[in-house]
Amino acid sequence: MISGPHKSKSDLKLIGTPMRKIEGLDKSTGRAVYTDDIVLPGMLHGKILRSPHPHARIVSIDVSEAEKLEGVHAVITGGDIPTKYGIIPWTADEYPLCTDRVRYIGDGVAAVAAMDEDLAIRALELIRVEYEELPAFLDPYESLAADGSTPYVHEPRKEGGNGNVTKQVQLEFGEVDELMAESDVIVEGKYFFEGSTHTPIEPHCAIGLWDGVGKLTVWSATQVPHYLHRELARVLELDPARVRVLQPLVGGAFGGKSEPFDLEFCVAKLSMLAARPVKILYTREEVFYAHRGRHPFHMKYQMGCTKDGKLTSVNAELLLDGGAYASFGLVTTYYAGQLLCAPYSMPAYRFDSTRLYTNKPACGPKRGHGSVQPRFAFEIQIDKLSEKVGLDPFEFRRRNFIGSNTRTVNELRITSNGFLECLESVERASRWRRKFRRLPFGQGVGVAGSTYISGTNYPIYPNDMPQSGVQMQIDRSGRVSVFSGASEIGQGCDSMVAYVAAEELGVPLEYVRVLRGDTDFTPVDLGAYSSRVTFMLGNAAIDAASKLREMVQKAVAEEWEVEAKEVLLVGGMAMWASDTERQMPIREAFNLAESRFGTLGATGWYNTPKDVHGEYRGGTIGASPAYSFTAHVAEVEVDVETGVVEVEKIWIAHDCGRALNPVLVEGQMEGSAYMGFGEALMEEQIFKSSEQGRAGLHNAPSLLDYRIPTSLDTPELESLIVESIDPEGPYGAKEAGEGPLHPSIPAIANAIYDAIGVRVDRLPFSPPNMWRAIEGAREAGTLVKPSIPDGSQVVPGAPHAGTISSGS
């Protein structure tokens, strides 16, 4: 099926109501099984030897002493798995273990399997690697300026090219220069978004089992079992039908486990050699070096508008620090520009986006992949324009609202759009009009908006097959089994398909079993990334369940001699719509259907529409069947003596289409805002420079030193669900897992400006960074609260007579 069926709210019995997560009790009681909980008979433990250099040639590797160590069963190096891999087929540039060169501190060069972890670590110490150190590129501007006089991070793809450039995208829509020149107001700004990482509680873990007769089984804490299955088969040169990937429950991912990693190939190869199962569990330090988190972005924006506050032209230059490997970088380079064209209408837009390799851990997708960084800069620019033309930031955003059932300037199709309702919700809830520019000096409020995709319109590797599939089976007992290939990483996709089955087939939620995470018996779902699962898997589940429902309705209708459409399945019963006293238990209805049609089973599938984007090169990247919309207001207090920023509260309004389970939607909204808050105030994935010594070494690869907010640090969060009811989403639903992150950061930045009159253009807003910005403003005489409508100002120590307290 292509698009989602619809029922009115009055027709829905479970959907739209608060429900439990089906695996919640197992997780809260410790019964849930994660990859590292699995112990197989005879299992060995593996470890990976990692490079101490950011850039070096491998001259030689001697593993002979490690192989002699009693209890070591297998040792491998890059020559044992000499095939490159990568999540994007066109940019595969990694080996499971390095073959000729290491490109960051932490790059894997050898792996061992031994009786226990301590013995495996001892074996690593016996491996002798001779390196020839090479100059390292640690700054993207240095990478861009490289001329080949020293080795590039990777070999150039074409003769004379810069091997440090992963991808450059230059796209232009409309008459950018002409409309910019005609603008009444132009604002420019330079911004820097520091890199950050995912910090899931569960480290990466994998187990390989080679059965000795040609079948490989791999358990992995991955977000993408299907893509892992494909790459294992290709890299290890195995028949895909002989490869099985199982995904136990995943203890957090946020994009950090959405591609294959070295440990999955290593456990497979080591098991093949040792003829025993092999487990590798990353240390926390290895998780930080595996990374694939948020790219550092250097951004320049020039934006124009009319004196009435209508956007005219947007010009963006973006430089992305990609780290040592491509990862999702090709897509990131496009997303950096393509996903900025809503929720506001803009007549002309140009972006020049370049991703550079550096000798640091590879960056990749983190919650809100590719569009969180530019949204930070863009929403500050919007606030600058609104101030220049004398408009309230809410009014400026309303005047530029793109609307519903339209196209963006870069030709992406917009269907439902609840952004205006999001603005109204946070404006009202935050009491914006009583606070903006009216709180005492040091206190302020800020607003920001955003949009995000509900899944990518195309799979990572080109094909015309469904993006998601479900098999559903009804048992004579009344039980319903759902076979789902989707990746449960804590976001609730297993629960979502159970809700669909219970809604469509009228059974209690307790009657539904979700069987998932096994490529041997579940249909293909492409994975948990790009907020695709609810939209795509949800539609597939409805497709399968509705086929079964129709069979049951038809069988009961024949028994009662009524029309099939008059048979209701609800609350564990089948009943006649015209007289609900006429009913039978759902088990009897299922048995009638099985007698009439045979064993009850059905498949469902979903694929995306293909008319949702432009036909230019790159037009498919950023395309989605639907887009969510979000608005935030943040309230802050800034201490101008210490630079400490306290975020008091964030109001989050999110257009999720229809909230299938409001409790889970609110959890996603608050989790997203929490993560944005953490990146705004604390997080820095940074590395030592040459001047500091140990160039390329991670500055803080532990949860003790890498700062993320605790529950005590987290501000009050208030979720405001907006339901626009998308015409193609399952019951009208859209995404809610990533979009609500984007506005947190610029809303906080805009609130800081409202509080003290200082524009902060680089992350994080940590006390040292803030103190420097405040001292610069103090020296320039601009440490003054921005003007309120009567033109007066609030200066330090002199609250305006018309101000109110933040608690009012």
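The values are calculated or read from the model by the stated rules, or taken from the named source; none is laboratory data. Keep in mind that what you see is a predicted model, and the values were worked out from it rather than measured. Quick reminder, even Gly has a Cβ in these numbers, built from the backbone with ideal geometry, and neighbours come from all protein chains shown. All accessible areas refer to the heavy atoms of the entire protein, side chains included, with ligands and DNA or RNA removed. Shrake-Rupley method; radii C 1.70, N 1.55, O 1.52, S 1.80 Å.
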Starting from the Cα gyration tensor of the chain, multiply each eigenvalue by 5, take the square root, and state the resulting semi-axes largest first in whole Å.
-> 42, 39, 23
Pop the C-beta distance of residue 509 and residue 130 into the FRET formula with R0 = 45 Å and round what comes out to the nearest 0.05.
-> 0.15
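Determine the gain in length on full extension of the stretch residue 234-residue 395; use 0.36 nm per residue of separation and subtract their C-alpha separation, reporting nm with one decimal.
Length gained between residue 234 and residue 395: 52.6 nm.
What percentage of the solvent-accessible surface of the chain, computed with a 1.4 Å probe over protein heavy atoms, is contributed by carbon and sulfur atoms?
For the chain, the apolar C and S fraction of the accessible surface comes to 50 percent.
Trypsin sites (Lys or Arg not before Pro) within the range 282-347: which are DSSP loop residues with at most 16 other Cβ atoms inside 10 Å?
Listed in order of number, the matching sites are 307.
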Taking Rh as the Kirkwood radius, which is the inverse of the mean 1/r over Cα pairs, what is the Rg/Rh value for the range 349-390?
-> 1.13
Under a point spin-label approximation (7 Å from Cα along Cα-to-Cβ), what is the residue 211-residue 147 distance to one decimal in nm?
-> 6.0 nm
Radius ratio Rg over Rh of the range 487-558, counting only Cα atoms, Kirkwood formula for Rh = 1.01
Loop-only check: which trypsin sites (Lys or Arg not before Pro) in the range 474-515 are DSSP coil with at most 13 other Cβ within 10 angstrom?
-> 476
Name the aspartates and glutamates eligible as straight-distance cross-link partners of residue 649: C-alpha to C-alpha under 14 Å, and not fewer than 8 places from it in the same chain.
-> 427, 635, 637, 670, 713, 716, 718
Interchain or sequence-distant (5+) residues whose placed amide H lies within less than 5 Å of the amide H of residue 518 are 247
Karplus-derived HN-Hα couplings along the range 548-556 (A = 6.51, B = -1.76, C = 1.60, θ = phi - 60°), whole Hz, x at Gly and Pro | 5, 4, 4, 5, 5, 4, 5, 5, 5
For the range 57-65, 3J(HN,Hα) per residue [Karplus equation, 6.51 cos²θ - 1.76 cosθ + 1.60, θ = phi - 60°, Hz, x = Gly/Pro] | 7, 8, 7, 7, 9, 10, 10, 4, 5
Ignoring ligands and nucleic acids, what accessible area does residue 458 show with a 1.4 Å probe (Å², nearest 10)?
-> 70 Å²
Links that overshoot a 30 Å alpha carbon limit, given the list 47/215; 279/688; 68/269; 9/384; 307/785; 21/435 | 279/688; 9/384; 21/435
About its Cα centre, what dipole magnitude does the range 465-606 give when the only charges are +1 on Lys and Arg Cβ and -1 on Asp and Glu Cβ, stated in debye to the nearest 20?
-> 240 debye
Once the piece of chain linking residue 308 and residue 603 is laid out straight, how much longer is it, given 0.36 nm per residue of separation minus the C-alpha distance between them?
-> 100.8 nm
Where the convex hull is taken over the Cα atoms of the range 572-682, what is its projected area averaged over directions, in nm²?
-> 15.0 nm²
Check: the chain dipole with +1 on Lys, Arg Cβ and -1 on Asp, Glu Cβ, in debye | 500 debye
Derived scalar couplings ³J(HN,Hα) [the range 438-454; Karplus, 6.51 cos²θ - 1.76 cosθ + 1.60; whole Hz; x for Gly, Pro] | 10, 6, x, 3, x, 10, x, 10, x, 10, 7, x, 5, 9, 7, 6, 9
For an R0 of 60 angstrom, estimate the FRET efficiency from the Cβ-Cβ distance between residue 579 and residue 300 and round to the nearest 0.05.
-> 0.30
Mean Cβ neighbour count within 10 Å, used as a protection proxy, ranking 586-599, 25-38 highest first = 586-599, 25-38
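Can you give the extra length, in nm with one decimal, that the chain gains between residue 406 and residue 615 once fully stretched, where that is 0.36 nm per residue apart less the Cα-Cα distance?
Fully extending the segment from residue 406 to residue 615 adds 73.6 nm.
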Add -39500 (n - 2.57) for each DSSP H run of 4 or more in the chain, then divide by its residues: what number comes out at 222 nm, to the nearest 500 deg cm²/dmol?
-> -8000 deg cm²/dmol
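Compute the normalised compactness of the range 465-606: alpha-carbon radius of gyration over 2.2 N^0.38 Å, N being the residue count.
The value comes to 1.06.
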Kirkwood Rh for the range 679-756 from C-alpha pairs, in Å, is 16.6 Å
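Calculate the all-directions average of the projected area of the range 382-453's alpha-carbon convex hull, and give it in nm².
Here the figure is 5.9 nm², rounded to one decimal.
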Two pseudo-spin positions, 7 Å from Cα along C-beta at residue 13 and at residue 275, lie apart in nanometres by 5.7 nm
With only alpha-carbon atoms counted, please give the Rg and Dmax of the range 239-292, in Å.
-> 12.8, 35
Simple spin-label estimate for residue 39 and residue 172 in nanometres, 7 Å along Cα-Cβ | 6.5 nm
